[in-house]
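Every number here is computed from the coordinates shown, using simple stated rules; none is lab data. Just so it is clear, the model here is predicted, and its values are computed rather than measured. In this analysis, Cβ positions are derived from the backbone assuming ideal geometry, glycine residues included, and neighbour counts consider all displayed protein chains.
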Ligand code: NAP
Ligand code: MG
């Protein structure tokens, strides 16, 4: 009798090895116990925790589990007024006249306590915002401490920063920050303001207030005179009340271009100084002489790092036509190996999207990309059942005029375009309303200099991406804002320069 052979459906020759199924990593979760999150937070005004006059609180959740972590005060206009008054009194009474060397000591102290409490801060950052623990632990928190260290060093050396001029503090700075790098943005704002002798009222974003509130605790521990730093929480209205307060001298804002424009309109005709760090749509350019594997890894870092919640993310990739096929194939393979899931797991590459509304925006743009006729490729990874997650996604055959090539998505979605000549890619790279950052991958130094000179972007990385240092300035062209944070330039944003 003939043996009936079992037939299986014909398989294609291409087998895509799935990294997570072929060599699964065991879970390596960081412990939540490192974070002591209080059930409720009041406003940090004049060195103490004060109940909001509104008597209102709102919840902050963990976007990876949708569980409530804590509730925080919702500051109204009267609370903002209290905070600004406390900052003004501290400026007049203590801070303005304190010897610069003493000011520097406090900032050093804050930096050291951040280092001591780094693990706790990293865990809180990841729980509250959804970013992978390896990023909070290895990037956000150390970079925040570095920023305080760097500006602590400047406090008593301002005469060298501004030779033959007399730098004078502005007074009270109102500082408003977004949700993508909560503690790091807090450091970018507070450290240079204190070093130059200003006092501060800072508001973190609604969805990620917890590390800024933990910093309030650190500031108390540092014995900084009360009122020099005030940290208040609330939504957009709270930010607007800060901007419109008549006793504020300086607005430092990082966030969307849309809100940046509202702020500019509100302060027009006043003598308030401002710096605005806004959105971006960075071009990342790969020439055919680039080290391709290194460039592919750089592209992954540029757009999928921190779920693409990065203002300077390399969200537009321009590949020279002759190497486009190879780059796209390698990118697809690499996308498959990215580990998406629990942000508290030390192996996770892509964590949770920060909020439901941001997830909706990303889905909206993925739909737009498909409707515009681009080809979509997404990783085949499984997504957790709860929480806000999206697969790392890439569009090819994108046209320069497509919305996915022009508008900021702020998620792990890459648009790939091709080019033939230097002139063509420069024209395309500069052709968006933004100009925050860009990247160039090539073997030739001369090409790098040619590109950096002609690209309208505040930062241009060469053969790398998303590298930050407190000593180097950061900021944009066009609708990406104005003013610089970081480095020597970051000091100028907080002083008036007088003649000697
Ligand atoms: P956003 O909506 O502009 O919010 C930023 C901050 O402003 C939040 O604290 C927000 O409070 C507050 N705010 C909202 N409306 C306000 C108003 N009318 N007046 C004053 N403050 C107001 O931006 P986001 O969605 O949080 O952040 C994402 C954006 O930030 C992206 O466009 C990204 O490119 C940009 N970003 C830029 C940089 C840079 O350095 N250039 C860095 C990081 C992010 P609520 O949270 O309560 O709404
Ligand atoms: Mg949260």
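Once label points are set 7 Å from the Cα along Cα→Cβ at both residue 325 and residue 38, what is their separation, rounded to one decimal in nm?
That separation, rounded to one decimal, is 6.3 nm.
Taking a label point 7 Å from the Cα of residue 156 along the Cα→Cβ vector, which residues of the stretch 97-118 have an amide N closer than 15 Å to it?
98-109
Whole angstrom only: what separates the Cα centroid of the stretch 97-136 from the Cα centroid of the stretch 373-406?
First find each Cα centre; the distance between them is then 34 Å.
Taking only C-alpha pairs under 8 Å that are 6+ residues apart, what is the relative contact order of the stretch 249-326 in percent? Please list the in-between numbers first.
On the way: 88 pairs, mean separation 25.4, N = 78.
Relative contact order here is 33 percent.
Over the chain, what lengths in whole Å, largest first, do the semi-axes of the equivalent ellipsoid take, defined as the square roots of 5 times the eigenvalues of the alpha-carbon gyration tensor? Could you put the intermediate results ahead of the total?
Working: eigenvalues 344, 149, 77 Å².
Computed over the chain, the values are 41, 27, 20 Å.
Could you grab the relative contact order for the stretch 88-178? Cα pairs under 8 Å, six or more apart, rounded to a whole percent. It would help to have the intermediate numbers written out before the result.
On the way: 66 pairs, mean separation 33.6, N = 91.
Result for the stretch 88-178 is 37 percent.
Any idea what the relative contact order of the chain is, in percent, if you count C-alpha pairs under 8 Å spaced at least 6 apart?
Details: 1112 pairs, mean separation 88.2, N = 500.
Dividing the mean separation by the residue count of the chain yields 18 percent.
If you build the Cα gyration tensor of the stretch 181-300 and take the root of 5 times each eigenvalue, what three semi-axes come out, in whole angstrom, biggest first?
Details: eigenvalues 210, 84, 37 Å².
Taking √(5λ) for each Cα gyration eigenvalue gives 32, 21, 14 Å.
Could you give the spread of the C-alpha atoms of the stretch 116-191 along their three principal axes, from largest to smallest, in whole angstroms?
For the stretch 116-191, the Cα spread along each principal axis is 47, 24, 15 Å.
For the stretch 357-432, with equal point scatterers placed on the C-alpha atoms only and solvent neglected, what are the log10 I(q)/I(0) values from the Debye formula at q = 0.19, 0.22, 0.26, 0.27 1/Å, to two decimals?
Scattering profile of the stretch 357-432, log10 relative to I(0): -0.81, -1.00, -1.25, -1.31.
Distance in nm between label sites at residue 59 and residue 450, each 7 Å beyond Cα in the beta-carbon direction?
5.7 nm
From the Cα trace of the stretch 106-246, what convex hull volume per residue do you get, rounded to a whole Å³? Please list the in-between numbers first.
On the way: hull volume 14.1 nm³, N = 141.
Convex hull volume per residue, Cα atoms: 100 Å³.
Which length gain, in nm to one decimal place, applies between residue 463 and residue 271 when the Cα-Cα distance is subtracted from 0.36 nm times their residue separation? Intermediate values should be presented prior to the final figure.
Working: separation 192, 0.36 × 192 = 69.12 nm, distance 4.18 nm.
Length difference between fully extended and current span is 64.9 nm.
Quick one: give the max-minus-min coordinate of the C-alpha atoms of the stretch 27-84 along each principal axis, largest first, in Å.
Dimensions of the stretch 27-84 along the principal axes of its Cα atoms: 48, 23, 16 Å.
Hey, fewest Cβ within 10 Å first, where do 377, 160 land in order?
Details: 377 19, 160 9.
Ranked by crowding around the Cβ, least crowded first: 160, 377.
Need the C-alpha centroid separation for the stretch 256-317 versus the stretch 164-192, integer Å.
19 Å
For the stretch 367-500, what is the convex hull volume of the alpha-carbon atoms per residue, in Å³? It would help to have the intermediate numbers written out before the result.
Numbers: hull volume 23.7 nm³, N = 134.
Looking at the stretch 367-500, the number lands at 177 Å³ per residue.
Can you show me the helix-derived [θ] at 222 nm for the chain, built from DSSP H runs with n ≥ 4 at -39,500 (n - 2.57) apiece and divided by the number of residues, rounded to the nearest 500. Could the numbers behind the result be given before it?
On the way: 17 runs with 185 residues, N = 500.
That calculation yields -11000 deg cm²/dmol at 222 nm.
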